[in-house]
Amino acid sequence: MKKEKLKLKDTIAKEKRHWVRITNSCNNNCLFCLDKENQDGTFVSFQEIVKEFKKGLSLGAKRVIISGGDPTIHPDIFKIIKKANSIGYSHVQMISNGRMLAYGDFAKKLKEAGLDEITISMHSHIKEKLEKMTQIKGSYDQAMRGLINALKYKFIVSVDIVINKINYKTLGDSLKFFIKLGVSEFDLLYVIPFGSAWKNRKKLFFSPEKAKDYLDKAFELSDNPDLFIWTNRLPAIFLEGYEHLIQNPIKLKDEVNGTQKEFEAYIFNNKERNCKGERCKYCFMKDFCSDLEAIKKEGKLTSKTEPICISKKKVKKYTFKLDKKFDVYNFLDFYIQHRYFVKSLRCTNCRYNNNCSGAHIEKIRKEGFKILKPIKE
């Protein structure tokens, strides 16, 4: 069942979708908001939104994801959804904190406009915890009514939860609570060091080693064949025993989208990314960035090989060379295929730990961390 679910999730992950931001404003003030620096209270014009819709279709996308800020506060939200349908999208999804769905027939109007799916950010089932994270009194009651209305009007409903120091101990209980309401799909996001999250890092960041027992209680729910649990940016090392939850490597392309020019400015103009420094150790992309630094310094980079606990055979080496035609997406493809290796927490007890990268991410996803057998002194 896990293999079948993994295959289905990979198929979904590879579907072309186009993200369109329609607001630079939000009615929450989340401690971990990654977008805080871009929120100036404005709305994207209808004309610009339509242009983005058409761009997505030209790139082959059939699914569009409308986001913000919070898209529900855009004055033309119903008109925007109708337009997405009329110009050719077969599936329209929206990501929201759900608060506006608590009002009157707002949810009904979204359905009538043609919205297919809504992802609601509900970071805890406990009022005090949620409002500590959103920093808005009353946001819990509104979001809960919004979630119930979304289920009432038969949307495809999923719940986003950003895992952090405030909510990780009750994560499993939160999932069980929302499952009882009728939610069957969850996206568990790992807090990362950007935007407000970095500013509030002392309140948010936690040791995943200490949290593993709590996280496992949530992950074990994924054995239910009627549930879909996704992870987003969650380090693979903390998913031992639940390898089917490891995010598809292709999703790294979403991390590069929007930052391509920054990476290439580093390669061609020696301009360091603004985020470089202390926050790197908390970042999901740290190994990719390290490889980028290595190829800039050495001019080429060779594929990694499997550890001796798996195989002692020599394998064909692949090399990526830096040239004037460098493209960050081509380099990312090389990284995913030949350099994206991960280790088990158990590997810290291996005599070769300091000189070993672990095993390729796809091998771990398919065969599990159990293939890694630490060699002790």
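The values are calculated or read from the model by the stated rules, or taken from the named source; none is laboratory data. Please read these numbers as outputs of a predicted model, since none were measured by experiment. Cβ: placed from backbone, ideal geometry, glycine included. Neighbour counts: every protein chain shown.
Here are some notes:
- Residue pairs meeting the criteria (Cβ under 7 Å; at least 6 apart or on separate chains; first assigned by TED's automatic domain parsing to the domain that holds Leu115, in segment 142-157; second crowded, with 21+ Cβ neighbours inside 10 Å and of a type in the set (D, E, K, R)): Gln142/Arg99; Ala143/Arg99; Gly146/Arg99
- Search result, residues across segment 25-40 that are over 21 Å from Gly138 (Cα atoms) and either at pLDDT 95 or above or crowded, with 20+ Cβ neighbours inside 10 Å (or both): none
- Residues of segment 261-297 classified as surrounded by 11 or more Cβ atoms within 10 Å (Cβ to Cβ), part of a helix (DSSP H, G or I) and of a type outside the set (A, V, I, L, M, F, W, C), total: 11
- Glu220 crowded, with 17+ Cβ neighbours inside 10 Å and among the charged types (D, E, K, R): no
- Considered as a group, the residues in segment 17-74 that are hydroxyl-bearing (Ser, Thr, Tyr) and in a loop (DSSP other than H, G, I, E, B) include one that is nearest to Ile118 (Cα to Cα), and that residue is Ser25.
- Close pairs (8 angstrom Cβ cut-off, 6 or more residues apart or separate chains): assigned by TED's automatic domain parsing to the domain that holds Tyr140 in segment 14-39, in a strand (DSSP E or B) and among the charged types (D, E, K, R) anywhere: Glu15/Arg63; Lys16/Arg63; Arg17/Arg63; His18/Arg63
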